[in-house]
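Student: Here it is: the structure, laid out below.
The values are calculated or read from the model by the stated rules, or taken from the named source; none is laboratory data. Here the structure is a predicted model, which is why all the values come from computation and not from measurement. Quick reminder, even Gly has a Cβ in these numbers, built from the backbone with ideal geometry, and neighbours come from all protein chains shown.
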Amino acid sequence: MTKQTNGFIKTTLDNGLTVLVKEMHAAPVASFWIWYRVGSRNEHTGITGISHWVEHMLFKGTPQFPKGAADKAIAREGGTFNGLTWYDFTTYFATLPASRIELALRIEADRMCNALFDPDEVAAERTVIISERQGAENDPEFLLGEELLAAAFRVHPYGVETLGHMCDLETMTREQLYTHYRTYYAPNNALAVAVGDLDADQMLQMIRRYFEAIPAGPPIPPVTAVEPPQKGERRVTYEGEGNVAYLQVAFRAPSVHHPDFFALIVLSAVLSGASGLAFFGGGLTNHSSRLYKALVATELAADVSGSLAPTVDPFLYGISATVRPGHTLAEVEEALERELERAIAEPITQEELTKAIKQAKAQFAYSSESVTGKALWLGYSEIFADYTWFENYIANLSGVTVEDVQRVAQTVLKRSNRTTGWYVPTNHA
Amino acid sequence: MSIPGPDDITRQELSNGIVILVRENHTSPSVVVSGLVHVGAADERPEQAGLAAFTAAALMRGTARRTFAQIYEELESVGASAGISTGTYSTGFAGKSLAEDLPLVLDILSDALRHPTFPPDEIEKLRGEILTDLEERAHDTARMAALTFHELAYPAGHPYARSLSGYIETVSRITRDDLAAFYSGRYGPAGMIVVVVGAVKTDEVLAQVEAAFGDWAGPTGERAPLPDVPRIAEARERFVPIPGKTQSDIVLGYPGPPRTDPAFLDAAVCNTVLGVFGMMGRLGEKVRDEQGLAYYAYSRVDGGPGPGPWRVIAGVNPANVARAIASIRAEIARICEEPVGEQELADNKAFLTGSLPLRLETNEGVAQVILDMERYSLGLDYLQRYTGLIEAITAEQVQAAAQRWLDPDAYALAIAGPPA
């Protein structure tokens, strides 16, 4: 079924490929994305990190585009080109001058089925993948975050970082990688998104031309894991190098399909600032948020931030703070606790609600300014819901009441729904 | 969309020396402000390293009309942002908001730049945040390699030799009076640039900026240009041990061309070949792709108002540091010794010219390039000439740029990571 309004098309090809096309004529550029519904959510012990490694291998050549050829072809046309793996998805995109966008379709249709996974290239990439993980391990906040995730999820694969465990990166085989690729890279597990200075009908025709002949694959193995409800606070401590302590707290969040998710977006903006919603990002400070005032303005912490990500299965609302030397993790946690109790005990003010909605409107406008940003949100929202989630975002937020926010604070912020992590530095300055 | 140029950029100079540049873009309801004032770390004494950055950060901590809390309440309530941060030779400011909120952003930037009060309690909070950051830096391999590279590549006392954010010892000693004195002696409208790009009306913006800054008077003293630096004559290496880390960071480089050097674009093409094109250029191909030594290995030529760095940056397993450095030096030798092939040169030039529409897609991108046009006297028609300038560059010019600034045997090399 094809839905078409105003330069926008959503349809599904016979082979199961979902297609979204959106015209944007502000600049002579276009962005093309292929999204696969596979990420660390589809992994298990032994093959953690495999989706991310497969993503790397898709840059290592096909018969038509030998290693490096696709990168160079895109660069020659003045484009940018990259891949990204996360819990729920693996995505590849190119943004190009609009007249060159066909090149991106040619590359993506080709590597949907023809990536080589040359054993020598797999071996060379193993050290790159390990190096990427080692780089991440240099950061104390990554190390603590990984422990926190593992404690927050004991059943669901969200408990493992997308980079995977080092032991799996050291031992995974070419055959495992290739099997993963052949299992999940198929049109029936993918969506194509094109946004930019293009004609929607012509773009759909071009997508058909490149992708319609690719046969559907077998059904995708379902993810059956369901994380049981959390019944009590969990705590983790990581003792590591450095001279600064970090506090991270994660709360189990409602599903993105539940209306409470929108109340939680407002709550997180009030507590930790508006830039916490994953992939909105975008330069907003949070110095007028409650936690900044309680932790940073009081000189207990050097900074505080929040994070909330829409995901396929229920995930987390996270808060992180950097403890100022001279203060302790316990002091920062105590100050945080007071603010959480306040949010549970009293409704937020109408002014705070109005502010959160205005912030969201501005962020929404900023996120739709570039073809790349617009394509990211269209595709990402299809992964965890559908594009109407993005289109209705402001309307849904505007329906939130202060009572909703308090009710969500009472269920989400309570101690028994919380995992608390301390990074304890071993070399004090 | 046309390429921004003299036809659609309005440039106006105020009597106090401020240059305003406006370009309308009505495709989205937002606006960005970007600009600079002529004060930076070059104006601080080495023993006060970090003073300029501390001062710039303090401007938003309280003004004659607003407390710190009020500044951010007003900005964040409308989803706007504004910030001021210092560089070596200038201090930049930036803001972003929905178009309807531009007057607020301009008012807050004007308030901060013209009427800061340096409240003592806020200064101490800020000092604590800077010191925490410097403690974190001491355990950050990438930042320690970058800092150490600057110390090696530039002569002692050169502004590029020291850290912009300073050091624990220097920042601890800076007083509120130092900040206030640095501010009143250095901040003023002379040479200030304000760029506004977005869903606005040019006439209204010109009036708003003039209202915000037109009656600003301040120091107008001439500043010395950033001193030139000698070429590095030998290999200078320093290792910064940070026990417990799993990756080492490498910075290998040189003092490079100022943005105004006539050969800057030659160097930019050369750098694209070396460590940008496709997946990190030749460096990415050798160090990451063929040898699997690193997750990243790329190069950057900063340009800027003085002889800013031209450097290779790589993150590698501690066991592979020597191999990665050998490989980086081999690529530098190759680009100095052999002219870039015809096809490779054509590809790299196509990337630099073809990527222009992407760089100009957002208001931020356009504002940045307009700021550079004014700051480096490139001319408002720079983008219209840009493709011709790049296409005229020859393999000989690229090689000459490599030979002038790079050397496989004489370089500054900083490595930060776990001891062997």
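Student: Condition (residue is more than 30 Å from residue B:411 (Cα to Cα) and not basic (Lys, Arg)) applied to segment B:222-233: is it met by at least one residue?
Tutor: Scanning segment B:222-233, I find at least one residue that is more than 30 Å from residue B:411 (Cα to Cα) and not basic (Lys, Arg), so the answer is yes.
Student: For segment B:89-101, check the following and say yes or no: at least one residue is among the charged types (D, E, K, R) and surrounded by fewer than 20 Cβ atoms within 10 Å (Cβ to Cβ).
Tutor: The answer is yes; a qualifying residue exists.
Student: Kindly provide the set of residues from segment B:13-31 that are within 14 Å of chain A (Cβ to nearest Cβ) and closer than 16 Å to residue B:110 by Cβ, ordered by number.
Tutor: Result: B:31, single match.
Student: Please verify whether segment B:132-152 includes one or more residues that are under 29 Å from residue B:362 (Cα atoms), small (Gly, Ala, Ser) and more than 10 Å from every other protein chain (Cβ to nearest Cβ).
Tutor: No.
Student: A further question on this structure: Please work out which one of (1) among the hydroxyl-bearing types (Ser, Thr, Tyr); (2) within 14 Å of another protein chain (Cβ to nearest Cβ); (3) over 30 Å from residue A:352 (Cβ atoms) is the condition residue B:55 fails and give its number.
Tutor: (2)
Student: Restricting the search to segment B:1-12, which residues are more than 14 Å from every other protein chain (Cβ to nearest Cβ) and not acidic (Asp, Glu)?
Tutor: Correct list: B:5, B:6, B:9, B:10, B:11, B:12.
Student: Could you tell me which residue of segment B:340-383 is farthest from residue A:100 (Cα to Cα), considering only residues that are more than 8 Å from chain A (Cβ to nearest Cβ) and of a type in the set (Asp, Glu)?
Tutor: B:374
Student: Do any residues in segment B:308-324 that are more than 12 Å from every other protein chain (Cβ to nearest Cβ) and closer than 30 Å to residue B:42 by Cβ have Cβ atoms under 6 Å from those of residues that are assigned to a helix (DSSP H, G or I) and of a type in the set (A, V, I, L, M), where the two are at least six apart or on different chains, and which pairs are they?
Tutor: B:312/B:328
Student: Answer yes or no: is there a residue in segment A:51-61 that is surrounded by fewer than 18 Cβ atoms within 10 Å (Cβ to Cβ), in contact with a Phe, Trp or Tyr (Cβ under 8 Å, 6 or more places away or on another chain) and not aromatic (Phe, Trp, Tyr).
Tutor: No, every residue in segment A:51-61 fails to be surrounded by fewer than 18 Cβ atoms within 10 Å (Cβ to Cβ), in contact with a Phe, Trp or Tyr (Cβ under 8 Å, 6 or more places away or on another chain) and not aromatic (Phe, Trp, Tyr).
Student: Filter the strands (runs of 3 or more DSSP E) completely within segment B:1-109 down to those with at least 3 residues that are in contact with a helix residue (DSSP H, G or I) (Cβ under 6 Å, 6 or more places away or on another chain).
Tutor: Hits in segment B:1-109: B:19-24, B:30-37, B:81-86, B:91-98.
Results for (1) in contact with a helix residue (DSSP H, G or I) (Cβ under 6 Å, 6 or more places away or on another chain); (2) in contact (Cβ under 8 Å) with a residue 12 or more places away in the chain; (3) of a type in the set (Asp, Glu), shown as yes or no for each residue.
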| position | (1), (2), (3) |
| --- | --- |
| B:375 | no, yes, no |
| B:381 | no, yes, yes |
| B:384 | no, yes, no |
| B:388 | no, no, no |
| B:403 | yes, yes, no |
| B:414 | yes, yes, no |
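Student: Residue check: is residue B:412 crowded, with 20+ Cβ neighbours inside 10 Å, of a type outside the set (Val, Ile, Thr) and away from every other protein chain (no Cβ under 14 Å)?
Tutor: When the stated conditions are applied, residue B:412 passes them.
Student: Can you tell me how many residues in segment A:236-280 are closer than 27 Å to residue B:138 by Cα and either touching a helix residue (DSSP H, G or I) at 6+ places or on another chain (Cβ under 6 Å) or assigned to a loop (DSSP other than H, G, I, E, B) (or both)?
Tutor: Total meeting the criteria: 11.
Student: Here is a check on your reading of the model: is residue B:274 outside any loop (DSSP other than H, G, I, E, B), in the same structural domain as residue B:333 (by TED's automatic domain parsing) and surrounded by fewer than 24 Cβ atoms within 10 Å (Cβ to Cβ)?
Tutor: Criteria not met by residue B:274.
Student: Here's something else I'd like to know. So which of B:393, B:325, B:370 is within 29 Å of residue B:141 (Cα to Cα) and buried (at least 17 other Cβ atoms within 10 Å of the Cβ)?
Tutor: On inspection, the qualifying residue turns out to be B:325.
Student: Next up: Can you pull out every residue in segment A:191-235 that is among the charged types (D, E, K, R) and outside any loop (DSSP other than H, G, I, E, B)?
Tutor: Matches in segment A:191-235: A:201, A:208, A:209, A:234, A:235.
Student: While we're on this one: Output the number of residues of segment B:206-245 satisfying the condition of being farther than 26 Å from residue B:329 by Cα and modelled with pLDDT under 95.
Tutor: 13
Student: Restricting the search to segment A:75-92, which residues are within 12 Å of chain B (Cβ to nearest Cβ) and crowded, with 19+ Cβ neighbours inside 10 Å?
Tutor: Within segment A:75-92, A:75, A:76, A:77, A:78, A:79, A:81 qualify.
Student: So residue A:163 clears everything in (1) within 14 Å of chain B (Cβ to nearest Cβ); (2) touching a Gly at 6+ places or on another chain (Cβ under 6 Å); (3) assigned to a helix (DSSP H, G or I) except one condition, right? Which one?
Tutor: (3)
Listed here are the residues, each with its yes/no results for (1) surrounded by 14 or more Cβ atoms within 10 Å (Cβ to Cβ); (2) of a type in the set (A, V, I, L, M, F, W, C); (3) touching a Cys at 6+ places or on another chain (Cβ under 9 Å).
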residue: B:181; (1), (2), (3): no, yes, no
residue: B:189; (1), (2), (3): yes, no, no
residue: B:199; (1), (2), (3): yes, yes, no
residue: B:224; (1), (2), (3): no, yes, no
residue: B:233; (1), (2), (3): no, yes, no
residue: B:257; (1), (2), (3): yes, no, no
residue: B:266; (1), (2), (3): yes, no, no
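Student: State the number of residues belonging to segment B:75-102 that are in contact with an Asp or Glu (Cβ under 9 Å, 6 or more places away or on another chain) and more than 24 Å from residue B:305 (Cβ to Cβ).
Tutor: Within segment B:75-102, residues that are in contact with an Asp or Glu (Cβ under 9 Å, 6 or more places away or on another chain) and more than 24 Å from residue B:305 (Cβ to Cβ) number 7.
Student: Any residue at all in segment A:291-301 that is aromatic (Phe, Trp, Tyr) and facing chain B (nearest Cβ under 9 Å)?
Tutor: The answer is yes; a qualifying residue exists.
Student: Something else about it: Exactly one of (1) within 11 Å of chain B (Cβ to nearest Cβ); (2) part of a helix (DSSP H, G or I); (3) in contact with a strand residue (DSSP E or B) (Cβ under 9 Å, 6 or more places away or on another chain); (4) in contact (Cβ under 8 Å) with a residue 24 or more places away in the chain is unmet by residue A:95. Its number?
Tutor: Just one mismatch for residue A:95, condition (2).
Student: Right, another one. Given the conditions (1) at pLDDT 95 or above; (2) in contact with a Leu (Cβ under 7 Å, 6 or more places away or on another chain); (3) under 23 Å from residue A:135 (Cβ atoms), which single one is not true for residue B:314?
Tutor: (2)
Student: So the check is Cβ under 7 Å with 6+ separation or different chains; which pairs have a first residue in segment A:174-185 that's not assigned by TED's automatic domain parsing to the domain that holds residue A:89 and a second one that's surrounded by fewer than 17 Cβ atoms within 10 Å (Cβ to Cβ) and of a type in the set (Gly, Ala, Ser)?
Tutor: Partner pairs satisfying both residue conditions: none exist.
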